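Values in this text are rule-based calculations from the coordinates and carry no lab data. Predicted model, so just to flag it, every value in this text is computed and none were measured. Cβ sites come from the backbone with ideal geometry, for glycine too, and all protein chains shown count toward neighbours.
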Amino acid sequence: MESNDRSIAGFTMAGHALVHWFETSIPIFLVVWLAEFDVGVALLGLVVALGYAPFGLGALPAGILADRYGPKRLVLICLAGMTLAFFVLALGNSIYAVAIGLVCWGVAASIYHPAGLALISTGVEDRGTVFAWHGIAGNAGIALGPFVTATLLIFLEWQLVAALLAVPGLFALGYGLSAEFDSTAAVDDAVDAGPTEALSVAELLTNSRALFASAFAIVFVIVTFEGLYYRGMLTYLPEILHGLPAMEAIALPDSLEGIEPADYIYVGLLVVGMAGQYAGGKLTNRLPPARGLAALFGILTILAVAFIPVTGMGLGAIIALCGVFGFVLFAIQPFYQDAVAVYTPADTRGLSYGYTYLGEFGFGAASIAIGGYVLGGFSLATFFAVIASFALVGTVLSTALAAGLARFVDADRPVDVDS
């Protein structure tokens, strides 16, 4: 990679890792808060939901602001906001203070994905490689966040742990302030991808209509179904693994009391995802995004169905399936990120990624409610069948996009499907 690509890669990798570092630490705190405060699970769940909701819903306005003020400035605001939010959380002595800290975190975190990915798409020449390393950094945060939080909570009060988790944010913010790069290096000189004047409501509606009258409309639906698959599986898989006969049959010595093998399998799945992110990112340099999406969605469909018989098998089969699943689940992400870059104009890239992560984290979160309803009233096999149906829809739409559907949707603008 050239120096500009390396600078943007380092900057966005730090931001991506921290977003998920903070995100995945929150469920670990939830167990402590239940014991700390005199509240029920329903109220605490609502409080946590208030923190997660802006994470998806704020992506669209964040994308608009990224187009207006430039992505680097927005990522710096994100880093500062998330860090400050966890320091606020560390001062919490009531459930209301916790709610304020979580809402502040959610608002700040919502900025990252539209701004960070817009920066990569307009500033990086070797986009596939940077998407790969960017994804690896995110997975590192996903895996390390709960691991470090749970470990620190063994020895320290939760407020001090929250403060310690915020410290890496200070280092990332300092690094970001000193980082220098050209955020439009990968954009043709004839294209204005820099900060623009503030959009009026009419202009926002016009730009949005133009996006959804193009091939981006198909990409948006594809990403939404990927979000439904991703959030549904990762939300309920830990609970499912805990209840499997293979886990209950494991006898650990007394010295390891309290350790859950299912948790280690889940963390291992996330770690394997780092390799999947790298492989997927590198493959975007070789495969058009629609073809890659079609192939990986097809594999994800098969893997979801495979969980039905494998959950009744031995530990080895479960570990093997989880490993393959983790690899493919995260390998698909660079492809849809690249698809947005390929099927949208550079001057609306922030808005495009804003809509993308509204679909991924906002609409995709609906599978939490859907999955909970299915698991509560139907069989485990039904749950995996529902999850598989999300990937099946993604397979069909991606195949149609690869077959040239974009040319019918966006006939007036040529699409560089070989990028």
Sorted peptide list for 70-83, 100-113, criterion being average Cβ within 10 angstrom, highest first: 100-113, 70-83
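Quick one: dipole size for the chain, taken about the Cα centre, charges +1 on Lys/Arg Cβ and -1 on Asp/Glu Cβ, in debye to the nearest 20. Display every interim value, and only then the final one.
Values: 13 positive and 30 negative charges, 95 e Å.
Dipole about the Cα centre, nearest 20: 460 debye.
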Hey, if you put +1 on the Cβ of every Lys and Arg and -1 on every Asp and Glu Cβ in the chain, which of 292, 325, 142 ends up farthest toward the positive end of that dipole? 292
The chain, helix-only ellipticity at 222 nm - DSSP H runs n ≥ 4, -39,500 (n - 2.57), divided by all residues, nearest 500: -25500 deg cm²/dmol
Over the chain, with a Gaussian network built from C-alpha contacts below 10 Å, which listed residue (68, 209, 291) shows the highest mean-square fluctuation? 209
So what are the ³J(HN,Hα) numbers for segment 302-307, from phi and the Karplus equation (6.51, -1.76, 1.60; θ = phi - 60°), rounded to whole Hz, Gly and Pro as x? 5, 5, 4, 5, 5, 4
Quick one: what are the phi-derived ³J(HN,Hα) couplings along segment 162-172, Karplus 6.51/-1.76/1.60 with θ = phi - 60°, whole Hz, x for glycine and proline? 4, 5, 5, 5, 7, 4, x, x, 5, 5, 5
Amide H contacts under 5 Å for residue 186, restricted to residues at least 5 apart in sequence or on another chain and with H modeled in the peptide plane, are 123, 124
Which FRET efficiency, nearest 0.05, do residue 93 and residue 151 yield, Cβ-Cβ r, R0 22 Å? 0.40
Highest-fluctuation residue, 225, 325, 155 considered, GNM on the chain with Cα pairs under 10 Å: 155
Along the positive direction of the dipole of the chain (beta-carbon charges: Lys, Arg +1; Asp, Glu -1; about the Cα centre), which of 46, 153, 101 reaches farthest? 46
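Sorted by mean Cβ packing within 10 Å, highest first, what order do the peptides 135-147, 353-365 take?
Values: 135-147: 22.7, 353-365: 25.0.
Order by mean packing, descending: 353-365, 135-147.
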Residue among 185, 366, 35 with the largest mean-square fluctuation in a Gaussian network model of the chain, springs linking Cα atoms under 10 Å: 35
